[in-house]
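The values are calculated or read from the model by the stated rules, or taken from the named source; none is laboratory data. These figures come from a predicted structure and were not determined experimentally. Counting neighbours? That spans all protein chains shown, and the Cβs are built from the backbone with ideal geometry, glycine included.
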Amino acid sequence: AQRVTQPEKLLSVFKGAPVELKCNYSYSGSPELFWYVQYSRQRLQLLLRHISRESIKGFTADLNKGETSFHLKKPFAQEEDSAMYYCALINNQAGTALIFGKGTTLSVSS
Amino acid sequence: ETGVTQSPTHLIKTRGQQVTLRCSSQSGHNTVSWYQQALGQGPQFIFQYYREEENGRGNFPPRFSGLQFPNYSSELNVNALELDDSALYLCASSLPGQGEAFFGQGTRLTVV
C-alpha cells in the first residue's frame, strides 16, 4: 500500500538550531515526493518537490530510495519557519492525487 | 490570475442531511481534487476530476460524489451526513500531470 509516515507530531527547536523533519514512504515504483507547508491562518502550499532538487526558504530534502525517506532539513531555523509541514507523494493509481502524512508541527522559539 | 476559492467557509448540518460544497479552480487549471482533513490528520484524498470526468477516487463511500463543470469549477456532494463527516474539506486545482496542487482555504463542515 502507498503510505507516508511522519513520525513526529511536534518538533520544537530554538532559533538558529538545525531542523530535520522526518518523512518515510511506502511506494512501489519511482515515487514523486513533496513537502507542503501551512503557516498560521494561511492555506496549504507547496514548499518543495524532490524532482526539482531546489532549496526553498533554506529548506532542502533529499530522496533516499534505500531508506525510503524524504526528510526535510534546514541548517538554521528561523521563527517564521513555525508552521505545519506535510510530506506527500503522488498516488499513481489516481491521476495526480496526493497521499499526505499526518503532518509535523514545527515550533521555533527565540 | 485568481487562486482557488471555496464556498461556503463554514457550514453546520444535521445528521442525515445532504450538503454541497463548491470550488473554483485556479485560472487555467483543468484538474480538481477534493480532500477531507479531520482534526489532527493530514488531508485524505476523496476524488479527482479532469475535464469533467472522475479521474481517480480514494477510499470514500458512494454517498460522496462530485461534479466538474465546463469552466473547471467543481462541487462535492455528501448525502446522508454522518457525525464523522465533520471535517475541513479542501479543494485543490492543478495542471494535468503536474504534481503541484494549489489549495483553497477549505470549508469547515460540522455535522450535529
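Per-structure values
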item	result
Answer residue from segment B:20-59, given it is aliphatic (A, V, I, L, M) and surrounded by fewer than 18 Cβ atoms within 10 Å (Cβ to Cβ) and is modelled with the lowest pLDDT among those	B:L39
Tally of residues being among the small types (G, A, S), assigned to a loop (DSSP other than H, G, I, E, B) and more than 14 Å from B:S93 (Cα to Cα) across segment B:1-59	5
Test: residue in segment B:70-93 that is of a type in the set (F, W, Y), surrounded by 15 or more Cβ atoms within 10 Å (Cβ to Cβ) and modelled with pLDDT of 95 or more	yes
Out of B:A92, B:A87, B:A38, sole residue that is touching a residue at least 60 places away in the same chain (Cβ under 8 Å), of a type in the set (A, V, I, L, M, F, W, C) and under 20 Å from A:G101 (Cα atoms)	B:A92
Flag for B:A101 being touching a strand residue (DSSP E or B) at 6+ places or on another chain (Cβ under 7 Å), free of Cβ contacts under 8 Å to residues at least 60 places away in the same chain and within 14 Å of chain A (Cβ to nearest Cβ)	no
Total residues in segment A:61-75, condition assigned to a loop (DSSP other than H, G, I, E, B) and of a type in the set (K, R)	1
Complete set of residues in segment B:60-75 that are away from chain A (no Cβ under 14 Å) and closer than 11 Å to B:S93 by Cα	B:Y72, B:S73
Qualifying positions in segment A:76-110 - of a type outside the set (S, T, Y), part of a loop (DSSP other than H, G, I, E, B) and either within 18 Å of B:E100 (Cβ to Cβ) or within 14 Å of chain B (Cβ to nearest Cβ) (or both)	A:N91, A:N92, A:Q93, A:A94, A:G95, A:A97, A:G101, A:K102, A:G103
The lone exception for B:L90 - which of (1) within 13 Å of the chain's Cα centre (by Cα); (2) assigned to a loop (DSSP other than H, G, I, E, B) it fails	(2)
Residue ID - surrounded by the most Cβ atoms within 10 Å (Cβ to Cβ), chosen from residues in segment A:94-110 that are touching a residue at least 40 places away in the same chain (Cβ under 8 Å) and polar (S, T, N, Q)	A:T104
